[in-house]
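Asks: Below is the structure I would like to discuss, written out as structure tokens.
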Amino acid sequence: MTHEVINQVPPLVDHDVADDPALLDALRREGADWAAAEIHELGRLAGTHEAQEWGRLANEHKPVLRTHDRYGHRIDEVEFHPAWHELMNVAVTHGLHGAPWASPRPGAHVARAAKFYTWRVDAGHGCPISMTYAAVPALRQNPDLAAQYEPLLTEQTYDYGLRAPLTKRALLAGMSMTEKQGGSDVRANTTQATPSSDGTYRLVGHKWFTSAPMCDVFLTLAQTANGLTCFLVPRVLPDGSLNPLRLMRLKDKLGNHSNASSEIEYENAVAYRVGDEGRGVRTIIEMVNMTRLDCVIGAASGLRHGVVTATHHATHRRAFGKYLVDQPLMRNVLADLAIESEAATTVMMRLAGATDRSVRGDEAETAFKRLGLAVSKYWICKRAPGHAAEALECLGGNGYVEESGMPRLFRESPLNGIWEGSGNVAALDVLRAMAKEPQVIEAFFTEIEQASGADPRLDEAVRDVKDSLTDIATIELRARRVVEQLAIILQASLLVRHGHPAVVDAFVATRLAGDWGHAYGTLPPGLDLAPIIERATPKTT
């Protein structure tokens with residue numbers, strides 16, 4: 001025998017992913033504790049070897065585009081590994097897609113956010129799930145279409161396959177906006193929509209980045225005589241024939257390998273108008289805002305996954321005579337990663353609560369959500385790549401190997417920062433909201449000032465941020481800094497009110513008071529790290 005295997009970390013399986021103190025505390029606080037049993041059920045499934053294998057296989061066996069059948073007929077199908085369908089089935093049957101829109105129960109959107117956060121075995125299949133969730137409020141701009149399609153978009157049944165939408169048991173929705181010449185500037189889109197005598201439109205043009213092209217229907221933007229307009233485009237027409245929506249190729253992406261992203265062309269594709277002509281951006285903006293919420297949820301989930309994996313490794317791996325978790329410098333790194341994760345989870349759940357109350361008519365929560373979501377989308381998504389890299393490094397060379405799962409986490413980490421507006425777009429959106437909707441900045445500070453007087457360091461930071469907003473001449477140049485400061489004081493205010501004392505002390509001392517270095521693992525002496533690390537350590541059976 002040449003060697004024996006010792007000092008290797010056991011697989012992180014057979015644990016409840018939903019056993020997350022920050023998540024569960026917020027679930028109660030935001031009025032969705034009634035969903036705890038299902039969230040734990042989903043968390044236990046996510047912690048199994050079987051579910052983790054689904055995620056691995058779906059990414060290892062990328063989707064394949066089949067443009068034609070053996071006889072030369074155009075079919076425009078995407079072929080997925082069976083593991084993809086297992087993932088999708090779990091997500092849909094647990095209501096991670098459009099289901100909350102059909103529920104009158106307060107907290108339905110909070111419960112859905114917690115489930116989306118918990119079911120983290122694969123990021124790619126979250127794309128069609130997220131878009132289906134986000135499509136419903138936009139579709140309601142056309143009550144007739146909503147009456148037909150909404151029940152199928154909220155039905156908790158996974159019914160895969162290209163068939164006429166209204167003949168299926170349930171549907172998935174995508175969005176198709178980006179064109180090669182415009183990118184985030186959708187007003188530069190050139191796809192043309194021409195009205196037909198039957199009330200439909202015909203679309204001619206291209207889309208540069210359409211993810212999840214196997215969805216049943218798409219919300220898309222095209223130009224009419226009155227300007228940019230939103231449309232619903234089915235993959236299959238009522239008579240069962242394919243709508244001429246051509247899949248040209250699939251993108252070869254950095255990550256998100258399980259999910260197909262495509263370039264498509266409309267060759268006189270049939271479309272149904274959603275909202276008034278020329279009001280396309282306003283019509284689809286609710287879909288964009290909902291998918292931005294999922295960007296925050298996805299990034300927060302990735303942060304939690306990274307720190308849990310790192311603490312699990314450090315708890316079982318020995319070096320220089322001690323377990324890594326008992327080495328002072330490693331404890332500093334782990335605690336720093338955990339603080340970042342808890343702050344993200346806490347604000348994510350607050351935004352889910354604001355969303356839930358907003359859709360039920362709470363105008364104050366709508367105003368808070370508008371700015372709180374925009375700043376959090378920018379900041380939490382920006383924190384993800386560095387956090388994933390540091391968590392990977394905690395595993396050393398083992399973390400750099402694909403089998404650890406950490407390279408996949410690292411590849412996924414930049415995506416949410418790009419999707420639904422990259423950093424500059426997100427930062428400028430915050431400035432636009434503050435300038436055009438003064439009530440949103442008032443609602444934002446009303447939220448933060450609920451923590452007023454609880455910590456003088458927070459009070460000082462809030463004053464500094466308010467002062468920085470008065471310098472209008474340079475504010476666009478400083479947009480990223482301004483948004484970062486807004487995001488951090490929001491996180492700090494929520495932690496001060498609701499967080500674990502050790503987490504609060506460490507977050508405020510470092511992120512607000514500046515007693516911090518330029519990398520993770522630079523917390524100052526004197527902090528109580530033990531409960532912070534304990535809260536991020538998974539409990540396996």
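The values are calculated or read from the model by the stated rules, or taken from the named source; none is laboratory data. Note that the structure is a prediction, hence the values are computed from the model and not measured. Because the Cβ atoms are built from the backbone with ideal geometry, glycine has one as well, and the counts that use them run over all protein chains shown.
Asks: Right, Gly174: surrounded by 22 or more Cβ atoms within 10 Å (Cβ to Cβ) and assigned to a strand (DSSP E or B) or not? If you could, list the steps in order and put the result at the bottom.
Replies: Numbers: surrounded by 22 or more Cβ atoms within 10 Å (Cβ to Cβ): yes; assigned to a strand (DSSP E or B): yes.
For Gly174, the condition - surrounded by 22 or more Cβ atoms within 10 Å (Cβ to Cβ) and assigned to a strand (DSSP E or B) - is met.
Yes or no, residue by residue, for (1) buried (at least 24 other Cβ atoms within 10 Å of the Cβ); (2) in contact (Cβ under 8 Å) with a residue 24 or more places away in the chain; (3) within 26 Å of Ile488 (Cα to Cα); (4) not hydrophobic (A, V, I, L, M, F, W, C):
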{"site": "Arg279", "(1), (2), (3), (4)": "no, yes, no, yes"}
{"site": "Thr291", "(1), (2), (3), (4)": "no, yes, yes, yes"}
{"site": "Thr315", "(1), (2), (3), (4)": "no, yes, no, yes"}
{"site": "Pro328", "(1), (2), (3), (4)": "no, no, no, yes"}
{"site": "Thr345", "(1), (2), (3), (4)": "yes, yes, yes, yes"}
{"site": "Arg350", "(1), (2), (3), (4)": "yes, yes, yes, yes"}
{"site": "Asp356", "(1), (2), (3), (4)": "yes, yes, yes, yes"}
{"site": "Ala367", "(1), (2), (3), (4)": "no, yes, yes, no"}
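Asks: Continuing with this model, one more query. For residues that are within 25 Å of the chain's Cα centre (by Cα) and in a loop (DSSP other than H, G, I, E, B), scanning just region 142-171, find the one that is nearest to Asn226 (Cα to Cα). Please lay out each step first, then the result.
Replies: If we filter region 142-171 for residues that are within 25 Å of the chain's Cα centre (by Cα), which is where we start, we get 146, 149-160, 170-171.
Those still in the list that are in a loop (DSSP other than H, G, I, E, B) too: 155-160, 170-171.
Values: Glu155: 35, Gln156: 38, Thr157: 38, Tyr158: 38, Asp159: 37, Tyr160: 36, Ala170: 34, Leu171: 30 Å.
Residue satisfying both the conditions and the ranking: Leu171.
Every residue, every condition in (1) small (Gly, Ala, Ser); (2) in contact with a strand residue (DSSP E or B) (Cβ under 8 Å, 6 or more places away or on another chain), yes or no:
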| position | (1), (2) |
| --- | --- |
| Gln148 | no, no |
| Leu152 | no, no |
| Ala164 | yes, yes |
| Lys168 | no, no |
| Leu171 | no, yes |
| Met177 | no, yes |
| Gln192 | no, yes |
| His206 | no, yes |
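Asks: Moving on. Filter region 162-199 for residues that are aliphatic (A, V, I, L, M), closer than 26 Å to Pro151 by Cβ and out of contact with any helix residue (DSSP H, G or I) (no Cβ under 9 Å at 6 or more places or on another chain) and give the result.
Replies: Selection gives Leu162, Ala164.
Asks: Checking the condition in the same structural domain as Val308 (by TED's automatic domain parsing), over 25 Å from Asp252 (Cβ atoms) and either surrounded by fewer than 21 Cβ atoms within 10 Å (Cβ to Cβ) or of a type outside the set (A, V, I, L, M, F, W, C) (or both), which residue from Glu390, Glu412, Glu403 passes?
Replies: Sole residue among the options that is in the same structural domain as Val308 (by TED's automatic domain parsing), over 25 Å from Asp252 (Cβ atoms) and either surrounded by fewer than 21 Cβ atoms within 10 Å (Cβ to Cβ) or of a type outside the set (A, V, I, L, M, F, W, C) (or both): Glu390.
Asks: Report yes if His518 is over 23 Å from the mean Cα position of the chain (by Cα) and either at pLDDT 95 or above or surrounded by 14 or more Cβ atoms within 10 Å (Cβ to Cβ) (or both), otherwise no.
Replies: Taking the combined requirement at face value, the residue does not satisfy it.
Asks: If you scan region 464-473, which residues turn out to be over 31 Å from the mean Cα position of the chain (by Cα) and charged (D, E, K, R)?
Replies: Passing the criteria: Asp467, Asp471.
Asks: Only residues that are assigned to a helix (DSSP H, G or I), under 14 Å from Leu495 (Cα atoms) and of a type in the set (S, T, N, Q): list them for region 434-475, please.
Replies: Gln450 - this is the single residue of region 434-475 that is assigned to a helix (DSSP H, G or I), under 14 Å from Leu495 (Cα atoms) and of a type in the set (S, T, N, Q).
Asks: If you go through region 221-246, how many residues are charged (D, E, K, R) and either part of a loop (DSSP other than H, G, I, E, B) or within 11 Å of Gly278 (Cβ to Cβ) (or both)?
Replies: Final tally of qualifying residues: 2.
Asks: Can you tell me which of Arg480, Arg457, Arg432 is over 28 Å from the mean Cα position of the chain (by Cα) and among the basic types (Lys, Arg)?
Replies: Arg457
Asks: Gly31 versus (1) in contact with a helix residue (DSSP H, G or I) (Cβ under 9 Å, 6 or more places away or on another chain); (2) modelled with pLDDT of 95 or more; (3) surrounded by fewer than 18 Cβ atoms within 10 Å (Cβ to Cβ); (4) at negative phi: which is the lone unmet condition?
Replies: Result: Gly31 fails condition (4) only.
Asks: If the requirement is being modelled with pLDDT of 95 or more and surrounded by 14 or more Cβ atoms within 10 Å (Cβ to Cβ), which of these qualifies: Ser211, Ser197, Ser258, Ser241?
Replies: Ser258
Matching residues to (1) at pLDDT 95 or above; (2) buried (at least 17 other Cβ atoms within 10 Å of the Cβ):
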residue: Ile418; (1), (2): no, no
residue: Asn424; (1), (2): no, no
residue: Pro438; (1), (2): no, no
residue: Thr446; (1), (2): yes, no
residue: Ala451; (1), (2): yes, yes
residue: Ala454; (1), (2): yes, no
residue: Arg463; (1), (2): yes, no
residue: Ser468; (1), (2): no, no
residue: Ala473; (1), (2): no, no
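Asks: Here is a check on your reading of the model: is Pro82 closer than 26 Å to Leu166 by Cα, surrounded by fewer than 24 Cβ atoms within 10 Å (Cβ to Cβ) and of a type outside the set (D, E, K, R)?
Replies: It is true that Pro82 is closer than 26 Å to Leu166 by Cα, surrounded by fewer than 24 Cβ atoms within 10 Å (Cβ to Cβ) and of a type outside the set (D, E, K, R).
Asks: Additional query: I'd like the residue in region 483-515 that is acidic (Asp, Glu) and assigned to a helix (DSSP H, G or I) and, out of all such residues, is farthest from the chain's Cα centre (by Cα).
Replies: Asp505
Asks: Additional query: If the Cβ limit is 8 Å and pairs must be 6+ apart or interchain, which residue in region 49-62 that is among the small types (Gly, Ala, Ser) pairs with which residue that is surrounded by 24 or more Cβ atoms within 10 Å (Cβ to Cβ) and at pLDDT below 95?
Replies: Every condition considered, no pair remains.
Asks: Do we find a residue being under 20 Å from the mean Cα position of the chain (by Cα), small (Gly, Ala, Ser) and more than 30 Å from Tyr266 (Cα to Cα) anywhere in region 55-74?
Replies: Yes: region 55-74 contains one or more residues that are under 20 Å from the mean Cα position of the chain (by Cα), small (Gly, Ala, Ser) and more than 30 Å from Tyr266 (Cα to Cα).
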